[in-house]
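This report concerns only the one structure given below.
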């Protein structure tokens with residue numbers, strides 16, 4: 001499998017402003033994201049996960065090291081458009097990324113910028129709206145939709161570029177549980193059915209469970225990297241970084257502290273229940 | 001409360017007027033304004049009223065929505081009419097009382113002035129009622145595009161208008177929220193002298209501006225991520241095309257303008 005995103009010795013420091021000293025956000029990050037994979041990036045507030053995401057399509061440029069997107073260096077200004085249409089980005093607040101006051105016009109914004117012929121834009125817009133399940137709302141005004149619907153419109157707006165990778169920076173942080181469910185289902189479907197590479201930045205552990213790979217960032221570095229099972233089993237490391245673990249793992253961990261010996265890699269409620277049932281059987 | 005504010009309200013529909021190219025509608029409105037300022041007689045004003053009434057009927061816009069839009073302008077219209085009534089001299093003297101002298105010409109010019117303002121407003125309303133804001137900005141961009149050659153940033157202006165329209169409801173909602181938050185902390189917007197009430201607005205405006213700037217910053221990043229790089233090389237999903245319908249509308253509007261000019265030539 002080829003890598004779609006590769007960083008080499010990536011460092012980043014925000015430019016100093018006034019008398020405030022600027023510390024590096026992260027240093028020497030080496031990272032590879034495989035094409036077609038679903039990676040979740042978690043970490044406490046201020047650990048640099050959003051800043052890292054912004055490196056992936058040249059919104060921010062590295063202060064040291066290099067970021068390659070399909071072999072394209074993000075610091076090469078001539079490649080910027082090509083990089084941005086390869087890696088699409090969705091942000092936290094859906095209100096602040098919708099440009100037009102009609103849904104379909106907004107989804108058409110990116111392909112219009114790319115200079116795509118009208119007939120093909122129409123086709124892409126319809127396709128993108130159907131993918132996120134918002135086709136019936138194409139003539140609505142975005143401000144009358146719910147948060148989850150707006151965020152799906154924002155995703156459609158990125159999909160209309162036909163990117164190979166989509167980076168989502170806490171897309172569910174401002175949504176209610178229903179909206180969160182809709183958005184996460186849409187993202188998983190994109191990854192499973194269309195083979196879209198997904199990088200999901202989140203601080204909801206339950207959202208990271210569905211990923212192929214979980215990256216835990218802490219203090220400007222990558223603390224843990226592995227499958228959700230491997231990562232969430234490290235309860236103590238995660239706790240020391242100020243992070244929660246999924247409830248099922250938490251339960252198993254606490255039971256183990258009381259003398260049980262449960263595996264820590266049960267990520268769904270069913271798995272957890274089975275593991276506890278098995279442990280009970282052995283005991284009897 | 002603030003949500004009821006609507007700017008350039010649009011009534012979606014499928015009438016002939018709705019289906020006209022927005023550029024055609026804008027140009028026709030312009031021609032209509034020119035004709036309004038050229039009209040000098042009861043006959044030409046009659047024609048103007050007839051034209052607008054017919055267009056409103058074809059667009060199936062209820063006359064009530066037209067008159068409702070006029071209400072805020074009523075004082076202005078009455079004031080203009082009264083001033084014209086009092087200060088125009090000519091024709092027969094109808095009434096003379098102390099310093100008030102009313103002539104026949106005065107009545108005529110008062111009626112015409114009031115009609116002119118009413119028709120100007122109703123004409124613009126008909127345009128915004130039947131054309132979506134996005135189509136309107138699009139039409140403006142196209143019509144003004146020759147100005148690019150003298151370095152007028154036409155695309156940027158149209159983009160700004162489009163974004164402003166998009167954010168009006170968002171910012172109104174935000175203002176509502178901030179007002180509630182400040183009220184919850186004991187702010188008082190309803191009583192006190194004018195100066196006091198104006199001062200009470202500061203705690204609303206400051207957070208509103210801060211948040212507007214933050215939104216602008218995020219929107220700019222999101223637009224960049226979606227490959228926005230100015231108007232150059234940009235295509236549109238919906239391409240505006242003139243049809244036979246527009247040609248017909250142009251012909252009718254042209255006839256009206258011609259009729260008004262001819263009538264004016266004969267002193268009517």
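The values are calculated or read from the model by the stated rules, or taken from the named source; none is laboratory data. If you're wondering where the values come from, they're calculated on a predicted model, not measured in any experiment. Here the Cβ is made from the backbone with ideal geometry for all residues, glycine too, and neighbour counts use every protein chain on show.
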When (1) surrounded by 12 or more Cβ atoms within 10 Å (Cβ to Cβ); (2) farther than 30 Å from residue B:163 by Cα are applied to residue B:262, the one that fails is (1)
Among A:96, A:45, A:113, A:57, the single one that is modelled with pLDDT under 90 and facing chain B (nearest Cβ under 9 Å) is A:57
Among B:126, B:93, B:85, B:120, the single one that is modelled with pLDDT of 85 or more and surrounded by fewer than 18 Cβ atoms within 10 Å (Cβ to Cβ) is B:120
Filtering helices (runs of 4 or more DSSP H) wholly in region A:67-116 for at least 2 residues that are surrounded by fewer than 21 Cβ atoms within 10 Å (Cβ to Cβ) gives A:80-86
If we take region A:189-284, then helices (runs of 4 or more DSSP H) inside it with 3 or more residues that are over 27 Å from residue A:89 (Cβ atoms) and at pLDDT 85 or above are A:235-240, A:247-257, A:269-283
Review point. Is one or more of the residues making up region A:170-191 under 18 Å from residue A:50 (Cβ atoms), within 13 Å of chain B (Cβ to nearest Cβ) and surrounded by 23 or more Cβ atoms within 10 Å (Cβ to Cβ)?
Key: yes
### Task
Determine if region A:209-226 includes at least one residue that is surrounded by fewer than 17 Cβ atoms within 10 Å (Cβ to Cβ), under 17 Å from residue A:106 (Cβ atoms) and more than 12 Å from the chain's Cα centre (by Cα).
no
Checked region B:79-98 for anything in a loop (DSSP other than H, G, I, E, B) and either out of contact with any helix residue (DSSP H, G or I) (no Cβ under 6 Å at 6 or more places or on another chain) or more than 24 Å from residue B:118 (Cβ to Cβ) (or both); matches are B:89, B:92, B:98
Per the list (1) assigned to a helix (DSSP H, G or I); (2) without any contact (Cβ under 8 Å) to a residue 12 or more places away in the chain; (3) at the interface with another protein chain (Cβ under 7 Å from one of its Cβ atoms), residue check on residue A:123 breaks on (3)
Original post:
Yes or no: residue B:152 more than 14 Å from chain A (Cβ to nearest Cβ), surrounded by fewer than 17 Cβ atoms within 10 Å (Cβ to Cβ) and in contact with a helix residue (DSSP H, G or I) (Cβ under 8 Å, 6 or more places away or on another chain)?
Top reply: yes
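Every residue, every condition in (1) in contact with a strand residue (DSSP E or B) (Cβ under 9 Å, 6 or more places away or on another chain); (2) facing another protein chain (nearest Cβ under 9 Å), yes or no:
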| position | (1), (2) |
| --- | --- |
| A:91 | yes, yes |
| A:102 | no, yes |
| A:105 | no, yes |
| A:117 | no, yes |
| A:131 | no, no |
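Yes/no matrix, rows are residues, columns are (1) touching a helix residue (DSSP H, G or I) at 6+ places or on another chain (Cβ under 8 Å); (2) more than 14 Å from chain A (Cβ to nearest Cβ); (3) surrounded by 13 or more Cβ atoms within 10 Å (Cβ to Cβ); (4) not in a loop (DSSP other than H, G, I, E, B):
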site	(1), (2), (3), (4)
B:182	yes, yes, yes, yes
B:196	no, yes, no, yes
B:212	yes, no, yes, yes
B:231	yes, no, yes, no
B:253	yes, yes, yes, yes
